[in-house]
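The values are calculated or read from the model by the stated rules, or taken from the named source; none is laboratory data. All values reported here derive from a predicted model rather than from experimental measurement. Cβ sites come from the backbone with ideal geometry, for glycine too, and all protein chains shown count toward neighbours. Keep in mind that these areas ignore ligands, DNA and RNA; they rest on the heavy atoms of the full protein, side chains included. Shrake-Rupley method; radii C 1.70, N 1.55, O 1.52, S 1.80 Å.
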Amino acid sequence: MHGITEAMVEDAPPVLQAIGKFHRFCGDAVLIAHNAPFDMAFLRRAESALGLRFGNTVLDTVLLSAMLYG
């Protein structure tokens, strides 16, 4: 589906470690994503395991495009 192979991610950090780094990187910035509820659900599932919260303002470009183009 996405073309990502096991070989491409074999040296990648564990998902919870990567999400923790992403959380620190984001700080309190506004998060912008296309179909943001999908991405935020993934991040929010990790919150309790990491003891953190993604309380950022989120801008969903799907909703923005619907508002602009109907």
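Among 63-70, 38-45, how do they line up by average Cβ neighbours within 10 Å per residue, starting with the highest? Write out the running numbers ahead of the final one.
Numbers: 63-70: 9.1, 38-45: 13.0.
In decreasing order of mean packing, 63-70, 38-45 become 38-45, 63-70.
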- request: Might you tell me the accessible area per residue for the chain, computed with a 1.4 Å probe and given in Å²?
  value: 80
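Restrict the search to the chain; then list the GluC sites (Glu not before Pro) that DSSP places in a loop and that have at most 15 other Cβ atoms within 10 Å of their Cβ.
Values: sites: E6, E10, E47; in loops: E10.
Here the sparse-neighbourhood loop sites are E10.
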- prompt: In debye, nearest 20: dipole of the chain around its Cα centre with unit charges on the Cβ of K, R (+) and D, E (-)?
  reply: 260
- request: Could you tell me what percent of the accessible area of the chain is made up of carbon and sulfur, with a 1.4 Å probe and every protein chain present?
  value: 63
message: Rounding to the nearest 10 and keeping the result within 0 to 90°, find how far the Cα-based axis of helix 36-45 lies from the longest principal axis of the chain.
response: 40
- prompt: Near L16, within a Cβ-to-Cβ distance under 14 Å, what is the net charge of the other residues, with Lys and Arg +1 and Asp and Glu -1?
  reply: +3
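May I ask for the net charge around L52, where only other residues with Cβ less than 15 Å from the Cβ of L52 are counted and Lys, Arg are +1 while Asp, Glu are -1? Spell out each step's value before the answer.
Details: positive: K21, R24, R44, R45, R53; negative: D28, E47.
That sum, taken over residues with Cβ under 15 Å, equals +3.
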field: Global size of the chain as Cα Rg and Dmax, reported in angstrom
entry: 14.5, 43
